[in-house]
Amino acid sequence: MLPGMAGKPLVAIVGAGNLGAALALSLQRVGYSIEAVIARSRGASLKKAERLAKEVGALALVDPVALRAHLIWFCVPDAEIARVARALAGKVDWKGRVALHSSGALTSDELAVLRGRGASAASVHPLMTFVPGSRPSLAGVPFALEGDAAALRVARHVLEDMGSHVYPIRKKDKAVYHAWGTFASPLFTVLLATAEQVAALAGVNPKAAKRRMIPILLQTLANYAAFDAAGAFSGPIVRGDVDTVQRHLRVLRNVPAAREVYAALACAALQYLPVKRKKSLKRALDSWLG
(Lines give C-alpha, C1' and ligand atoms only; values in the text may rest on other atoms or scores of the structure.)
Protein backbone atom coordinates (compact mmCIF):
# COMPACT_ATOMS: atom_id res chain seq x y z
CA MET A 1 0.00 0.00 0.00
CA LEU A 2 1.21 3.48 -0.72
CA PRO A 3 1.88 5.96 2.08
CA GLY A 4 -0.86 8.41 2.94
CA MET A 5 -3.61 6.44 1.19
CA ALA A 6 -5.31 4.92 4.25
CA GLY A 7 -4.56 1.40 3.05
CA LYS A 8 -5.92 1.94 -0.43
CA PRO A 9 -3.44 1.52 -3.28
CA LEU A 10 -3.22 4.08 -6.06
CA VAL A 11 -4.75 2.51 -9.19
CA ALA A 12 -4.16 2.71 -12.94
CA ILE A 13 -6.67 1.29 -15.40
CA VAL A 14 -5.44 -0.01 -18.76
CA GLY A 15 -8.25 0.36 -21.28
CA ALA A 16 -11.34 2.57 -21.14
CA GLY A 17 -13.97 0.18 -22.48
CA ASN A 18 -17.19 -0.90 -20.79
CA LEU A 19 -15.49 -2.90 -18.02
CA GLY A 20 -12.74 -0.34 -17.45
CA ALA A 21 -15.29 2.46 -17.04
CA ALA A 22 -17.50 0.48 -14.63
CA LEU A 23 -14.45 -0.55 -12.61
CA ALA A 24 -12.98 2.95 -12.40
CA LEU A 25 -16.27 4.42 -11.19
CA SER A 26 -16.84 1.61 -8.68
CA LEU A 27 -13.36 2.09 -7.27
CA GLN A 28 -13.79 5.84 -7.01
CA ARG A 29 -17.12 5.43 -5.17
CA VAL A 30 -15.39 3.54 -2.34
CA GLY A 31 -12.50 5.96 -1.97
CA TYR A 32 -9.82 4.70 -4.35
CA SER A 33 -7.80 7.21 -6.33
CA ILE A 34 -7.33 6.52 -10.03
CA GLU A 35 -3.99 7.94 -11.11
CA ALA A 36 -4.28 7.16 -14.80
CA VAL A 37 -6.36 5.61 -17.53
CA ILE A 38 -3.88 4.13 -19.96
CA ALA A 39 -4.77 3.98 -23.65
CA ARG A 40 -3.32 1.31 -25.90
CA SER A 41 -2.77 3.82 -28.71
CA ARG A 42 -3.64 7.31 -29.85
CA GLY A 43 -6.83 8.12 -31.73
CA ALA A 44 -10.16 6.63 -30.62
CA SER A 45 -8.59 4.67 -27.76
CA LEU A 46 -7.01 7.79 -26.31
CA LYS A 47 -10.22 9.81 -26.66
CA LYS A 48 -12.14 7.21 -24.67
CA ALA A 49 -9.40 7.22 -22.05
CA GLU A 50 -9.55 11.01 -21.84
CA ARG A 51 -13.33 10.97 -21.29
CA LEU A 52 -13.10 8.37 -18.54
CA ALA A 53 -10.08 10.04 -16.94
CA LYS A 54 -12.01 13.31 -16.73
CA GLU A 55 -14.88 11.54 -14.93
CA VAL A 56 -12.63 10.05 -12.26
CA GLY A 57 -10.07 12.84 -11.93
CA ALA A 58 -7.23 10.92 -13.53
CA LEU A 59 -4.72 11.39 -16.32
CA ALA A 60 -5.09 9.81 -19.75
CA LEU A 61 -1.76 8.32 -20.79
CA VAL A 62 -0.27 6.40 -23.69
CA ASP A 63 3.28 6.21 -22.32
CA PRO A 64 3.04 5.74 -18.54
CA VAL A 65 6.77 6.14 -17.89
CA ALA A 66 6.27 8.10 -14.65
CA LEU A 67 3.43 5.95 -13.32
CA ARG A 68 3.23 5.80 -9.53
CA ALA A 69 0.26 3.43 -9.17
CA HIS A 70 0.84 0.32 -7.10
CA LEU A 71 -2.08 -1.54 -8.73
CA ILE A 72 -2.36 -1.72 -12.52
CA TRP A 73 -5.59 -3.31 -13.75
CA PHE A 74 -5.76 -4.49 -17.38
CA CYS A 75 -9.25 -4.08 -18.87
CA VAL A 76 -8.51 -4.86 -22.51
CA PRO A 77 -9.91 -7.65 -24.75
CA ASP A 78 -8.58 -11.14 -24.03
CA ALA A 79 -6.53 -11.31 -27.21
CA GLU A 80 -4.78 -8.05 -26.27
CA ILE A 81 -3.78 -8.77 -22.65
CA ALA A 82 -0.41 -10.41 -23.28
CA ARG A 83 0.45 -7.97 -26.10
CA VAL A 84 -0.37 -4.91 -24.02
CA ALA A 85 1.55 -6.35 -21.06
CA ARG A 86 4.59 -6.78 -23.29
CA ALA A 87 4.20 -3.24 -24.60
CA LEU A 88 4.16 -1.84 -21.05
CA ALA A 89 6.80 -4.17 -19.64
CA GLY A 90 9.69 -1.84 -20.41
CA LYS A 91 7.89 1.42 -19.67
CA VAL A 92 7.22 0.86 -15.96
CA ASP A 93 9.32 -0.41 -13.09
CA TRP A 94 7.20 -3.43 -12.17
CA LYS A 95 9.08 -4.52 -9.09
CA GLY A 96 6.69 -4.74 -6.14
CA ARG A 97 3.62 -3.74 -8.16
CA VAL A 98 0.40 -5.70 -8.64
CA ALA A 99 -0.91 -6.45 -12.13
CA LEU A 100 -4.46 -7.75 -12.58
CA HIS A 101 -6.48 -8.65 -15.64
CA SER A 102 -10.18 -9.43 -15.85
CA SER A 103 -10.44 -12.13 -18.49
CA GLY A 104 -12.87 -14.90 -17.65
CA ALA A 105 -11.29 -17.48 -19.94
CA LEU A 106 -7.55 -16.71 -19.59
CA THR A 107 -5.32 -17.24 -16.58
CA SER A 108 -2.92 -14.93 -14.81
CA ASP A 109 -0.13 -16.37 -16.99
CA GLU A 110 -1.12 -13.81 -19.64
CA LEU A 111 0.82 -11.38 -17.44
CA ALA A 112 3.91 -13.61 -17.22
CA VAL A 113 6.15 -10.96 -18.78
CA LEU A 114 5.34 -8.63 -15.88
CA ARG A 115 5.98 -11.39 -13.34
CA GLY A 116 9.41 -11.71 -14.87
CA ARG A 117 9.99 -8.04 -14.11
CA GLY A 118 9.00 -8.28 -10.46
CA ALA A 119 5.22 -7.81 -10.47
CA SER A 120 2.72 -9.99 -8.68
CA ALA A 121 -0.08 -11.03 -11.05
CA ALA A 122 -3.62 -12.38 -10.86
CA SER A 123 -6.73 -12.83 -12.97
CA VAL A 124 -9.79 -11.23 -11.38
CA HIS A 125 -13.00 -11.83 -13.32
CA PRO A 126 -16.45 -10.38 -12.51
CA LEU A 127 -19.45 -12.57 -13.36
CA MET A 128 -21.27 -9.57 -14.78
CA THR A 129 -22.20 -8.19 -18.19
CA PHE A 130 -20.87 -4.87 -19.49
CA VAL A 131 -22.38 -3.19 -22.54
CA PRO A 132 -22.22 0.34 -24.00
CA GLY A 133 -24.42 2.79 -22.13
CA SER A 134 -24.53 0.71 -18.94
CA ARG A 135 -22.11 0.92 -16.02
CA PRO A 136 -23.31 -1.58 -13.44
CA SER A 137 -22.19 -1.31 -9.84
CA LEU A 138 -19.76 -4.03 -8.83
CA ALA A 139 -21.22 -4.25 -5.32
CA GLY A 140 -22.57 -7.76 -4.83
CA VAL A 141 -20.92 -9.06 -8.01
CA PRO A 142 -19.00 -12.36 -7.69
CA PHE A 143 -15.36 -12.31 -8.80
CA ALA A 144 -13.34 -15.45 -9.59
CA LEU A 145 -9.67 -15.09 -8.61
CA GLU A 146 -6.47 -16.99 -9.32
CA GLY A 147 -2.83 -15.97 -9.34
CA ASP A 148 0.09 -15.00 -7.11
CA ALA A 149 -0.46 -14.78 -3.36
CA ALA A 150 0.55 -11.11 -3.05
CA ALA A 151 -1.70 -10.04 -5.93
CA LEU A 152 -4.61 -12.07 -4.53
CA ARG A 153 -4.28 -10.37 -1.14
CA VAL A 154 -4.50 -6.94 -2.74
CA ALA A 155 -7.33 -7.97 -5.07
CA ARG A 156 -9.40 -9.41 -2.21
CA HIS A 157 -8.94 -6.26 -0.17
CA VAL A 158 -10.01 -4.02 -3.06
CA LEU A 159 -12.99 -6.19 -4.04
CA GLU A 160 -14.24 -6.44 -0.47
CA ASP A 161 -14.06 -2.65 -0.23
CA MET A 162 -16.31 -2.50 -3.30
CA GLY A 163 -18.77 -4.92 -1.70
CA SER A 164 -18.02 -7.65 -4.25
CA HIS A 165 -17.93 -11.37 -3.48
CA VAL A 166 -14.64 -13.20 -3.94
CA TYR A 167 -14.18 -16.84 -4.95
CA PRO A 168 -11.07 -18.85 -5.87
CA ILE A 169 -10.85 -20.63 -9.21
CA ARG A 170 -8.30 -23.11 -10.51
CA LYS A 171 -6.42 -22.28 -13.69
CA LYS A 172 -7.65 -25.47 -15.36
CA ASP A 173 -11.28 -24.44 -14.75
CA LYS A 174 -11.14 -20.99 -16.33
CA ALA A 175 -12.42 -21.98 -19.78
CA VAL A 176 -15.42 -23.94 -18.51
CA TYR A 177 -16.12 -21.22 -15.93
CA HIS A 178 -16.26 -18.70 -18.76
CA ALA A 179 -18.54 -20.99 -20.78
CA TRP A 180 -20.88 -21.03 -17.77
CA GLY A 181 -20.90 -17.23 -17.73
CA THR A 182 -21.61 -17.22 -21.46
CA PHE A 183 -24.73 -19.30 -20.85
CA ALA A 184 -25.82 -16.93 -18.08
CA SER A 185 -25.78 -13.76 -20.18
CA PRO A 186 -24.66 -13.68 -23.85
CA LEU A 187 -26.44 -16.89 -24.86
CA PHE A 188 -29.45 -15.91 -22.77
CA THR A 189 -29.54 -12.70 -24.83
CA VAL A 190 -29.39 -14.83 -27.99
CA LEU A 191 -32.42 -16.73 -26.67
CA LEU A 192 -34.29 -13.45 -26.23
CA ALA A 193 -33.39 -12.39 -29.78
CA THR A 194 -34.62 -15.78 -31.01
CA ALA A 195 -37.87 -15.30 -29.09
CA GLU A 196 -38.36 -11.99 -30.91
CA GLN A 197 -38.07 -13.81 -34.23
CA VAL A 198 -40.73 -16.29 -33.15
CA ALA A 199 -42.94 -13.41 -32.01
CA ALA A 200 -42.64 -11.96 -35.51
CA LEU A 201 -44.28 -15.12 -36.87
CA ALA A 202 -47.28 -14.23 -34.70
CA GLY A 203 -47.33 -10.70 -36.12
CA VAL A 204 -45.66 -9.06 -33.09
CA ASN A 205 -42.84 -6.63 -33.85
CA PRO A 206 -39.59 -6.77 -31.79
CA LYS A 207 -40.35 -3.64 -29.76
CA ALA A 208 -43.77 -4.93 -28.73
CA ALA A 209 -42.39 -8.43 -28.13
CA LYS A 210 -39.78 -7.05 -25.77
CA ARG A 211 -42.38 -5.05 -23.84
CA ARG A 212 -44.74 -8.00 -23.54
CA MET A 213 -42.01 -10.49 -22.55
CA ILE A 214 -40.57 -8.45 -19.68
CA PRO A 215 -43.19 -9.53 -17.06
CA ILE A 216 -42.80 -13.24 -17.76
CA LEU A 217 -39.00 -12.92 -17.87
CA LEU A 218 -38.90 -11.14 -14.53
CA GLN A 219 -41.21 -13.70 -12.94
CA THR A 220 -39.16 -16.56 -14.36
CA LEU A 221 -36.01 -15.11 -12.78
CA ALA A 222 -37.86 -14.58 -9.50
CA ASN A 223 -39.06 -18.19 -9.60
CA TYR A 224 -35.53 -19.41 -10.35
CA ALA A 225 -34.14 -17.40 -7.42
CA ALA A 226 -36.79 -18.76 -5.07
CA PHE A 227 -37.23 -22.34 -6.26
CA ASP A 228 -34.19 -23.23 -8.44
CA ALA A 229 -34.47 -24.48 -12.02
CA ALA A 230 -36.73 -27.44 -11.33
CA GLY A 231 -39.28 -25.35 -9.45
CA ALA A 232 -39.19 -22.55 -12.01
CA PHE A 233 -39.77 -24.80 -15.04
CA SER A 234 -43.27 -24.62 -16.52
CA GLY A 235 -45.11 -25.14 -19.80
CA PRO A 236 -45.80 -28.02 -22.19
CA ILE A 237 -42.43 -29.76 -21.87
CA VAL A 238 -42.59 -30.20 -18.09
CA ARG A 239 -46.17 -31.50 -18.51
CA GLY A 240 -45.11 -33.97 -21.19
CA ASP A 241 -47.53 -32.44 -23.69
CA VAL A 242 -46.19 -34.13 -26.82
CA ASP A 243 -48.91 -32.81 -29.14
CA THR A 244 -48.18 -29.18 -28.25
CA VAL A 245 -44.44 -29.65 -28.61
CA GLN A 246 -44.94 -31.18 -32.07
CA ARG A 247 -47.24 -28.31 -33.01
CA HIS A 248 -44.54 -25.84 -31.96
CA LEU A 249 -41.93 -27.62 -34.06
CA ARG A 250 -44.21 -27.61 -37.10
CA VAL A 251 -44.91 -23.86 -36.99
CA LEU A 252 -41.22 -23.12 -36.42
CA ARG A 253 -40.26 -24.60 -39.81
CA ASN A 254 -40.28 -21.05 -41.17
CA VAL A 255 -37.61 -20.02 -38.65
CA PRO A 256 -35.12 -22.93 -38.82
CA ALA A 257 -32.63 -21.44 -36.36
CA ALA A 258 -35.38 -20.95 -33.78
CA ARG A 259 -36.58 -24.53 -34.28
CA GLU A 260 -33.05 -25.81 -33.67
CA VAL A 261 -32.80 -23.75 -30.48
CA TYR A 262 -36.20 -25.00 -29.30
CA ALA A 263 -35.32 -28.64 -29.96
CA ALA A 264 -31.87 -28.33 -28.33
CA LEU A 265 -33.28 -26.73 -25.19
CA ALA A 266 -36.11 -29.27 -25.04
CA CYS A 267 -33.54 -32.09 -25.23
CA ALA A 268 -31.58 -30.44 -22.41
CA ALA A 269 -34.78 -30.27 -20.36
CA LEU A 270 -35.17 -34.05 -20.70
CA GLN A 271 -31.74 -34.45 -19.11
CA TYR A 272 -31.75 -31.82 -16.40
CA LEU A 273 -35.34 -31.14 -15.34
CA PRO A 274 -38.35 -33.07 -14.02
CA VAL A 275 -40.29 -33.77 -17.22
CA LYS A 276 -43.27 -36.10 -17.64
CA ARG A 277 -43.45 -38.59 -20.52
CA LYS A 278 -39.75 -38.23 -21.29
CA LYS A 279 -39.62 -41.17 -23.68
CA SER A 280 -42.53 -39.90 -25.76
CA LEU A 281 -41.06 -36.41 -25.89
CA LYS A 282 -37.66 -37.78 -26.88
CA ARG A 283 -39.17 -39.76 -29.76
CA ALA A 284 -41.02 -36.65 -30.94
CA LEU A 285 -37.88 -34.51 -30.78
CA ASP A 286 -35.74 -37.16 -32.47
CA SER A 287 -38.19 -37.32 -35.38
CA TRP A 288 -37.69 -33.57 -35.96
CA LEU A 289 -33.96 -33.58 -35.36
CA GLY A 290 -33.59 -36.73 -37.52
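Could you pull out the residue among Ala150, Ala175 that is at pLDDT 95 or above and farther than 27 Å from Leu61 by Cβ? Can you show your working first?
Numbers: Ala150 fails: farther than 27 Å from Leu61 by Cβ.
On inspection, the qualifying residue turns out to be Ala175.
Based on this model, can you work out whether Asn254 counts as surrounded by fewer than 16 Cβ atoms within 10 Å (Cβ to Cβ) and modelled with pLDDT under 95?
Values: surrounded by fewer than 16 Cβ atoms within 10 Å (Cβ to Cβ): yes; modelled with pLDDT under 95: yes.
So Asn254 passes the test.
Got a number for residues in segment 15-44 being modelled with pLDDT of 95 or more and either of a type in the set (Ser, Thr, Tyr) or outside the structural domain of Phe130 (by TED's automatic domain parsing) (or both)?
The total comes to 3.
Is it true that Val238 is within 19 Å of Leu217 (Cβ to Cβ), in contact with a Lys or Arg (Cβ under 8 Å, 6 or more places away or on another chain) and assigned by TED's automatic domain parsing to the domain that holds Leu192?
On the way: within 19 Å of Leu217 (Cβ to Cβ): yes; in contact with a Lys or Arg (Cβ under 8 Å, 6 or more places away or on another chain): yes; assigned by TED's automatic domain parsing to the domain that holds Leu192: yes.
Yes; evaluated as a whole, the condition is true for this residue.
Quick one: Arg156 ticks every box in (1) assigned to a helix (DSSP H, G or I); (2) in contact (Cβ under 8 Å) with a residue 60 or more places away in the chain; (3) surrounded by 14 or more Cβ atoms within 10 Å (Cβ to Cβ) except a single one, so which number is it?
Arg156 satisfies every listed condition except (2).
Could you please let me know if Ala209 is surrounded by 15 or more Cβ atoms within 10 Å (Cβ to Cβ), among the small types (Gly, Ala, Ser) and under 21 Å from Phe183 (Cα atoms)?
Numbers: surrounded by 15 or more Cβ atoms within 10 Å (Cβ to Cβ): yes; among the small types (Gly, Ala, Ser): yes; under 21 Å from Phe183 (Cα atoms): no.
Judged against the criteria, Ala209 is not a match.
Mind checking which residues of segment 102-118 are over 24 Å from Tyr32 (Cα atoms), in a loop (DSSP other than H, G, I, E, B) and out of contact with any strand residue (DSSP E or B) (no Cβ under 6 Å at 6 or more places or on another chain)?
Listed by number, the residues that qualify are Ala105, Leu106, Gly116, Arg117.
Show me the strands (runs of 3 or more DSSP E) found entirely inside segment 45-101 where at least 1 residues are in contact with a strand residue (DSSP E or B) (Cβ under 6 Å, 6 or more places away or on another chain) and modelled with pLDDT of 95 or more.
On the way: elements: 59-61, 71-74, 98-101.
So the answer is 71-74, 98-101.
From the list Val141, Val154, Val124, which residue is β-branched (Val, Ile, Thr), in the same structural domain as Phe74 (by TED's automatic domain parsing) and over 21 Å from the mean Cα position of the chain (by Cα)?
Val154
Quick one: what pairs do we get from segment 174-203, first residue outside the structural domain of Thr129 (by TED's automatic domain parsing), second part of a helix (DSSP H, G or I), C-beta under 6 Å, 6+ apart or different chains?
Filtered contacts from segment 174-203: Thr194/Ala258; Thr194/Val261; Glu196/Pro206; Glu196/Ala209; Gln197/Ala258; Val198/Ala258; Ala199/Ala209.
Only residues that are within 23 Å of Leu152 (Cβ to Cβ), of a type in the set (Val, Ile, Thr) and touching a Leu at 6+ places or on another chain (Cβ under 7 Å): list them for segment 40-97, please.
Ile81, Val92
Results for (1) touching an Asp or Glu at 6+ places or on another chain (Cβ under 7 Å); (2) surrounded by fewer than 20 Cβ atoms within 10 Å (Cβ to Cβ), shown as yes or no for each residue.
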| site | (1), (2) |
| --- | --- |
| Arg51 | no, yes |
| Ala60 | yes, yes |
| Ser103 | yes, no |
| Ala149 | no, yes |
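Picking from Glu55, Glu110, Glu35, which residue would you name as being within 19 Å of Leu138 (Cα to Cα) and not hydrophobic (A, V, I, L, M, F, W, C)?
When all the criteria are applied, what remains is Glu55.
The values are calculated or read from the model by the stated rules, or taken from the named source; none is laboratory data. Bear in mind that the values here come from a model prediction, so they are computed numbers and not experimental data. All Cβ positions, glycine included, derive from the backbone under ideal geometry; neighbour counts span all protein chains shown.
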